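Visitor: One structure coming up, written as structure tokens, with questions to follow.
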Amino acid sequence: MKIGFPKGLLYCNYYPFFNSFFSELGCSIVTSPDTNKEILNLGVKYCIDEACLPIKIFHGHVAYLKDKCDYMFIPRLMSISSNESICPKFCGLPEMIKNSIPDFPDMISYPIYMDTEKNFMKFIKKCGHLFTMNNFKIQKAYLKGKSAQADFLSKNKIHKVHNIKVALAGHPYNIFDSYTNLNLIKKLDELNIGILTEKDIDENLINKQMKTLFKKPFWTFARKSYGFSTFCAKNNLVNGIIYVSSFACGIDSVVLELIKKELSNFPILVLKIDEQTGEAGFNTRLEAFSDMLERRYNFNENNISQPR
Ligand code: SF4
């Protein structure tokens with residue numbers, strides 16, 4: 001039995017778990033390639049115009065895979081943290097896909113609540129019963145998946161060290177998909193700028209930072225982006241923040257205002273991306289921000305030159 005696993009949205013967070021889980025149940029996993037022009041074009045062809053870029057790209061990955069698998073794995077993510085919601089586009093994704101892409105294979109799209117282990121197990125059992133009625137086998141596959149996920153999380157990526165560092169904030173599928181963000185991490189490295197991402201900061205510290213807000217946001221992405229950016233800035237871990245934001249993302253528009261309000265004098269560059277984003281303009285903004293950070297760094301650290 002072949003399961004298609006589209007390489008979009010939260011693939012970068014949960015692939016190790018689901019790959020081990022389904023493999024242990026005897027399925028083989030087929031993934032789409034890294035996002036590329038063909039995937040983007042397929043996404044733009046099948047998805048509605050109003051959707052954000054990550055959703056269009058996800059459509060592209062699904063369209064690429066649809067004839068190559070028996071089941072398509074499109075989880076209906078309802079919640080990934082306790083007492084928090086996720087963007088509604090994740091909850092309606094299976095319907096969006098089914099109604100946009102013709103000749104679709106069977107879909108695994110049971111709702112997933114990851115807020116508690118008990119809730120998550122309900123999803124695991126339903127999924128497992130598609131392939132075996134042996135609960136012991138399902139439990140074993142679950143434990144295998146958990147251990148693969150723990151392994152993946154323990155291997156923090158080592159970033160290159162540079163004098164100037166920025167917090168790279170935004171949704172994981174924008175930060176870790178180099179096609180979507182026009183190779184941002186590589187470009188920053190070439191400009192001698194190091195990065196910190198959400199994965200480098202202990203989640204407890206991010207949560208503690210949320211106490212500066214009078215009300216905790218109810219979206220998981222908002223909590224993480226706000227907590228991570230403001231924690232890094234207030235603890236002098238970075239010289240600036242680069243926020244990669246999808247055009248038309250409601251969550252980003254709120255979080256960005258909250259961050260700017262909290263860090264009124266801190267360098268922040270917002271890079272909005274959609275399928276029309278031109279690389280030349282993107283590079284110019286990046287280079288201008290990098291120059292500004294360098295002048296500030298020289299002034300603050302070595303007092304060599306006065307920033308304008
Ligand atoms: S959170 Fe924003 S970028 Fe992500 S799927 Fe929702 S609207 Fe799109």
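Visitor: Given (1) crowded, with 22+ Cβ neighbours inside 10 Å; (2) without any contact (Cβ under 8 Å) to a residue 24 or more places away in the chain; (3) over 26 Å from I55 (Cβ atoms), where does N207 come up short, assuming only one miss?
Guide: Condition not satisfied by N207: (1).
Visitor: Separate question: Of all residues being outside any strand (DSSP E or B) and of a type in the set (A, V, I, L, M) in the range 244-267, which is farthest from the ligand (Cβ to nearest atom)? Just the residue, please.
Guide: Selected residue: L263.
Visitor: Failed condition for I112, given (1) of a type outside the set (K, R); (2) more than 27 Å from Y64 (Cβ to Cβ); (3) assigned to a strand (DSSP E or B), with all others met?
Guide: I112 satisfies all of (1) of a type outside the set (K, R); (2) more than 27 Å from Y64 (Cβ to Cβ); (3) assigned to a strand (DSSP E or B) except (2).
Visitor: Mind checking whether some residue in the range 221-234 is farther than 24 Å from S79 by Cβ, away from the ligand (no atom under 16 Å from the Cβ) and open to solvent by less than 80 Å² (accessible area, probe 1.4 Å)?
Guide: yes
Visitor: State yes or no: is L143 modelled with pLDDT of 95 or more, part of a helix (DSSP H, G or I) and over 27 Å from M78 (Cα atoms)?
Guide: When the stated conditions are applied, L143 does not pass them.
Visitor: Can you tell me which residue is farthest from the chain's Cα centre (by Cα) among those in the range 31-64 that are among the β-branched types (V, I, T) and within 22 Å of S178 (Cβ to Cβ)?
Guide: For the range 31-64, the residue satisfying everything is V44.
Visitor: Sticking with this one: Considering only residues of the range 279-308 that are open to solvent by less than 40 Å² (accessible area, probe 1.4 Å) and under 22 Å from the mean Cα position of the chain (by Cα), which is modelled with the highest pLDDT?
Guide: L286
Visitor: Which of the residues that make up the range 213-243 are assigned to a loop (DSSP other than H, G, I, E, B), more than 23 Å from A51 (Cβ to Cβ) and touching a residue at least 24 places away in the same chain (Cβ under 8 Å)?
Guide: L213, L237, V238, N239
The values are calculated or read from the model by the stated rules, or taken from the named source; none is laboratory data. These numbers come from a predicted model, not from an experiment. So basically every Cβ, Gly included, is an ideal-geometry build from the backbone, and we count neighbours across all protein chains shown. In case anyone asks, the SASA skips ligands and DNA or RNA and just uses the protein heavy atoms, side chains included. Shrake-Rupley method; radii C 1.70, N 1.55, O 1.52, S 1.80 Å.
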